[in-house]
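Take a look at the structure set out below.
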Amino acid sequence: MDVLLRKDGGEEEEEEEEGPSPGGGRRGQKAQMKRRHEEEEEEEECAKKKLVIDHSVKVASHYNSLQEVGLAARSRSRIFFMRNFNNWMKSVLIGEILEQVRAGGCRRVSVLDLGCGKGGDLLKWRRGGIDHLVCADIAGVSVEQCQSRYEEMKRKSHINEKIFKAQFITADCTKEVLSEKLEDAELQFDVCSCQFVYHYSFESEQKADMMLRNACERLKPGGFFIGTTPDAFELVKRLEASDSLSFGNEVFKVSFGSKGDYPLFGCQYHFSLEDVVDVPEFLVYFPLLEHMAKNYNMRLVLRQRFSEFFEEKVKKEHHRSLMMKMTALEPFPLEDGDGQTTGSSGEYRHAKEHCARAGVRPPVGTLSRSEWEAASIYLVFVFQKIS
């Protein structure tokens with residue numbers, strides 16, 4: 001039997017020619033052409049949908065494939081102190097927001113962790129004494145690990161210690177309505193936390209809006225939507241200052257496809273950070289996010305670059321104490337004579353110059369130049385639901 005090659009290289013049986021129709025051969029040819037045209041349109045539509053799906057799948061696959069490592073392995077990482085610093089920033093933000101919630105008279109606190117990952121913030125919610133937590137993420141393996149951490153935390157807790165109840169949901173929060181997946185259909189939240197995640201949703205207006213809906217529609221009046229995300233203005237500024245389509249250093253790299261044209265949605269760049277991230281992301285044009293949030297009765301309370309937030313919060317003694325406990329900064333110079341995290345002297349020139357100033361008593365806490373360049377692309381945000 002004769003065969004025809006598909007465009008994709010496969011094979012299909014040749015269609016039999018249609019016999020004469022009551023209206024003649026042309027009608028049969030037209031019907032066949034129409035059918036083929038419909039098939040081509042269907043294939044094109046499927047291809048478009050596949051492009052949309054692929055990005056979500058790529059993000060989920062990346063985070064699912066990240067291996068859980070112990071403290072010893074993390075301490076050897078080139079970005080050990082930066083990761084601790086980012087964790088401290090989140091701890092301060094979450095702690096202060098929970099204080100505000102309780103100051104408003106709330107006794108039982110419910111939280112949505114949108115993009116929970118492997119559960120890196122579980123201990124923060126435990127320290128905050130919340131009552132109910134819902135964890136949601138697109139990466140199913142991560143959600144399973146998050147739930148395992150929670151179960152282990154409960155198992156190791158003191159007899160008289162009350163651990164919050166929790167629900168774990170695997171879902172693409174840019175496409176699916178989370179409220180339909182809640183065990184308690186009437187549940188409302190005092191806080192929604194979205195840490196280093198929201199930028200994935202700015203692939204399209206539909207995805208960004210769905211993410212925002214999931215973050216805000218179940219918040220109580222006065223409730224907070226908090227998070228951290230790359231600062232689009234800072235990213236574009238560094239790109240425009242670069243001689244190429246990328247910028248970065250030995251620990252991180254940001255690459256764009258072009259310069260000069262930055263659409264409001266779908267402005268993609270590739271971000272890689274040593275041992276942690278290696279996926280496409282999208283610029284979050286913050287004035288647009290603020291405008292979209294108004295549709296969910298949200299008002300912007302705080303928007304600060306990491307540098308600004310750090311400089312303000314480090315003035316408080318209890319925040320400095322937490323920073324020491326979390327090893328959020330690297331001591332410079334090291335007292336035992338060992339080398340710093342990186343052997344490059346230029347990485348700590350700023351710390352050396354600071355130590356040389358009158359009245360400064362070494363060692364001082366710092367991040368290497370490369371780590372700070374990576375950490376300082378982020379901003380902190382807080383929205384509140386209008387009563």
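What follows draws every value from the coordinates through simple rules; no lab data is involved. Just so you know, these numbers come straight off a predicted model, no measurement behind them. Every residue, glycine as well, gets a Cβ built from its backbone with ideal geometry; the counts of neighbours run over all protein chains shown.
Here are some notes:
- Summarising the overall dimensions of region 216-355 from its C-alpha atoms, the Rg and Dmax are 19.1, 57 angstrom.
- Along principal axes, Cα extents of region 164-260, largest first, whole Å: 54, 26, 25
- Local electrostatic count, N86, Cβ distance below 12 Å [Lys/Arg +1, Asp/Glu -1]: 0
- Within-13-Å neighbourhood charge of I386 [Cβ basis; K, R +1; D, E -1]: +4
- Protection proxy ranking of 281-293, 154-166 - average other beta-carbon atoms within 10 Å, highest first: 281-293, 154-166
- Gain upon complete extension [D243, S307; 0.36 nm per residue less C-alpha separation]: 20.5 nm
- Around C173: net Lys/Arg minus Asp/Glu count, Cβ-Cβ under 15 Å: -3
- Cross-linked pairs K124/K175; K175/K313; K156/K220; K181/K316: Cα-Cα separations exceed 30 Å for K175/K313; K156/K220; K181/K316.
- Spherically averaged projected area of region 107-209 from its Cα convex hull (nm²): 6.8
- Protection-proxy order for peptides 310-316, 102-108, 82-88, each taking the mean of Cβ atoms within 10 Å per residue, highest first: 82-88, 310-316, 102-108
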